[in-house]
Structures are given as C-alpha cells and as structure tokens.
Amino acid sequence: MKIALPDAAGALGDYTLTGTPIEAFPLGADVPRVVFAAAHVVADPFTAADPSGPAALDWEATMRFRRHLAELGLGIAEAMDTAQRGMGLDWPGALALIARTRAELPGALVFNGCGTDQLDPADARSLDDVIAAWLEQTDAVQKLGGRVIVMASRALARVARSPDDYLRAYSRVLSACDQPVILHWLGEMFDPALAGYWGAETFAQALETALAVIGDNAGKIDGVKISLLDKDKEVVMRRRLPPGVRMYTGDDFSYPELIAGDDHGFSHALLGVFDPLAPALGGAVARLGRGDVAGFRARLDPTVPLARLIFRAPTQYYKTGVVFLAWLNGFQEHFVMLGGAQSMRPLPYFVECFKHADRNGLLRDPELAVKRMKALLALYGV
C-alpha cells in the first residue's frame, strides 16, 4: 500500500507502508512491572463553545478509549497532562472525567490527578491558598473512592519561598490522603510554569527536597513519577528511594532501558507515550516477565524514535501527536482537540509520526490510516 507524502520542502514522494499491525493482547495478572498509560481525552467537535472556554468532551469516545486500555490490562492515569489538564481541561471537567472512569471501570487500576488548577497562580496569596486548593481536589477524588496522583502545582511554584514551604505543603496534603499516592515531579520542559520547582535552582538541590518529602511521608506514598526526560537523574533518584516506594518512569525518551532496569533496580511506568503504544506492551512486558530482557528491548527499543518525535520540544505539545495517532487508528472520528491544540504541530511532524507508527506496526487498520492521512493532507492543500 502506497501514499504520496510531502517532505519538509513540500515535494511529494511515494511512501510504501511496510509495517504489520501488532497483534495486541493483555498484560497478564502477574506482571513484573506496574504499567500505567496516561490517557488522552476526545473533544466534542460539534460544540458551539469557543476553544478558550470550558472543555466540551465527546464522552462516549473518551470512555471507549479507556475501556480499550483497561482491556489490554494497563493501569490508567486519569486527568493528567496527557488529558490536556491545565491546557484545555479544567478542574470541573477533570472531576467529571474522573467520576465517569470510576463509574464505568470500577475494577480497573486507576489513579487520578489532583492538583491546584482551580486556583489561578496569580490569585494565590499564600501557602495556605495552595494547600486548600490541593485538599479540595484530593477530597473530591477520595469521596468517589478514587486513588490519587499528587500533581505538581503551578501556584505552589509561584508562592513558595523556600524548600521548607514545599515540605509543609506536601506534608499537609499527604496527611489527608487515605491511601498511598503517586507523586508527580513534572519538569519545566512539560510546563514552563514549574521552573524552580522544589524551591531549587539545580537538580541536586531539588532532589534533596523531593526525597525529604518522601522520607517524611513514606507510608503515604506508593511511588513517584519523575518526568525530567533525563534517565541519569531518574536512576540517581530511584536508587535513593525508601524501601517500598516505587519509581514510575515518566521518561518518554528512555523508557525501555529504565523499565528493564539494572543490577540496582528498575522503574515501573506511568507514561503518556503508552497511550499510542498500548498494543505493544502486553507482548513486551510478558517477555520481561520470562526474564527475556533482550526480547523486551527488541520490542520496545524501535518505538523510541516515534516517542522522541512525539515529545520533541516544545514538549508540552506532545498531546497533539498522541491524539493524531488515536485518530489515525479509529479511536475517534475526528482530529479536533481541546483548545484547538491540533494546530500546535506542523505538517512534517504528522508525516513523520505516520511513518514511524507504520514501521512499528502501530497502525491497526492501515487502510483507514491512509484514508485519514490523505484527508489531513488535503486540509493542507496537498
């Protein structure tokens, strides 16, 4: 099967699809790693609301995709940045999403993002304002019976004056959690408003504060997700975590190596890139469970160039690539995103995503993918 695709200069050339769609099967019940996919949301393309207003979701398509992830045995990280949290999905929309996922998939492994995004950072006057916002979200999720991911706070980054402020805020929030939570250390490459998080100018300083929070509250923490796109920093932190606290890799550039691990340990996974890679994970993790590290790496290593493309700078717009692949694969009937975010990547980016997805067997229906790719090209005048 062929399709004419433009290069970076706009010249058309035939591209021949070579990939064989992956035969997806679920992760087993006894897996060697805990694996979460941070799931995207599907916008309602027929809403009359402006893109700058509250999120309007296509609930059926949004929940259908979550059923797809659950059927593959993946955990779901709900209402996180992959769901455009803080970039189109506000707190009321996030809570509605969390409630629906909880109701429709009560038996699935689901953790839910709790932050402070109902509080405009410019309106935060004190640490108590930030703590109150965090507690509001945590309480709402726990009333639904949901598990919590404590997300990084833009408001805290703005008002905190020292590492001690971070210790105080996190300890107060964690004391209110009724089950162990996942902490999310999100780097400024994903959200520039988080620059200087943990009250530090360097990674070494930030690490000490984050570890102090974890050490003081270890009984309240299931694990920590670190999203700094630096495998060496993750390994340094992983080796210093208290016993029983998991490291969840958030490194969408080096996940096969970090999940496989080394002689000193390994990372579990909570990744936005596992939204499009979900069909590949059952087979890969099964190999790891059999001790076949080489087979695990052979399955996932070839997907890394696609992940690096999706998450290239400006990294916060990776959601565009994730939703583009969901549309190509028929999980939604349109390529429209909250806030018009489908426009945040250029055409050559989509062309390369298409090629990488094909080569990795991630186009589950190549004919449909070609048809939709042609529709996108037509929109650009090709």
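The values are calculated or read from the model by the stated rules, or taken from the named source; none is laboratory data. Remember, predicted model here, so these are calculated numbers, not experimental data. Cβ coordinates were reconstructed from backbone atoms using ideal geometry, including for glycine residues, and neighbour counts include every protein chain displayed. The protein model used for the area step is the full one, side chains on, heavy atoms only, and it has no ligands, DNA or RNA in it. Shrake-Rupley method; radii C 1.70, N 1.55, O 1.52, S 1.80 Å.
Within region 14-24, can one find any residue that is crowded, with 20+ Cβ neighbours inside 10 Å, touching a strand residue (DSSP E or B) at 6+ places or on another chain (Cβ under 6 Å) and among the aromatic types (Phe, Trp, Tyr)? Looking through region 14-24, none of the residues is crowded, with 20+ Cβ neighbours inside 10 Å, touching a strand residue (DSSP E or B) at 6+ places or on another chain (Cβ under 6 Å) and among the aromatic types (Phe, Trp, Tyr). Could you tell me whether any residue of region 66-89 is open to solvent by less than 30 Å² (accessible area, probe 1.4 Å) and more than 18 Å from the chain's Cα centre (by Cα)? No - not one qualifying residue is present in region 66-89. Each residue in region 281-327 was checked for being farther than 17 Å from residue 82 by Cβ and either open to solvent by less than 20 Å² (accessible area, probe 1.4 Å) or part of a helix (DSSP H, G or I) (or both), and 20 pass.
I'm trying to understand the selection: among the residues of region 158-184, which are crowded, with 22+ Cβ neighbours inside 10 Å and within 20 Å of residue 233 (Cβ to Cβ)? Passing the criteria: 166, 170, 182, 183, 184. Counting only residues that are outside any loop (DSSP other than H, G, I, E, B), buried (at least 19 other Cβ atoms within 10 Å of the Cβ) and of a type outside the set (Phe, Trp, Tyr), region 110-126 holds 4 of them. Taking each residue of region 118-140 that is in contact (Cβ under 8 Å) with a residue 24 or more places away in the chain and more than 17 Å from residue 168 (Cβ to Cβ) and looking for partners that are part of a helix (DSSP H, G or I) and open to solvent by 10 Å² or more (accessible area, probe 1.4 Å) with beta-carbon atoms closer than 6 Å, six or more apart or interchain, yields 118/91; 121/154; 121/158; 140/95. In region 25-40, of all residues being more than 23 Å from residue 366 (Cα to Cα) and either in a loop (DSSP other than H, G, I, E, B) or free of Cβ contacts under 8 Å to residues at least 40 places away in the same chain (or both), the one that is most open to solvent (accessible area, probe 1.4 Å) corresponds to 30. A Cβ distance below 7 Å, combined with a sequence gap of six or more or placement on separate chains, defines the contacts here; from region 239-264, residues that are within 16 Å of residue 225 (Cβ to Cβ) reach residues that are in a loop (DSSP other than H, G, I, E, B) and acidic (Asp, Glu) in the pairs 258/251.
You will find that of 187, 145, the residue that is touching a residue at least 24 places away in the same chain (Cβ under 8 Å), on the phi > 0 side of the Ramachandran plot and not acidic (Asp, Glu) is 145 and no other. The residues listed here are 253, 266; of these, the one that is out of contact with any His (no Cβ under 6 Å at 6 or more places or on another chain) and closer than 19 Å to residue 321 by Cα is 253. crowded, with 21+ Cβ neighbours inside 10 Å and within 19 Å of the chain's Cα centre (by Cα): is that true of residue 221 in this structure? Against the criterion (crowded, with 21+ Cβ neighbours inside 10 Å and within 19 Å of the chain's Cα centre (by Cα)), residue 221 does not qualify.
Among residues of region 54-78 that are over 12 Å from residue 101 (Cα atoms), those with a Cβ under 6 angstrom from a residue that is at pLDDT below 95 and among the hydroxyl-bearing types (Ser, Thr, Tyr), sequence gap 6+ or separate chain, pair up as 56/47.
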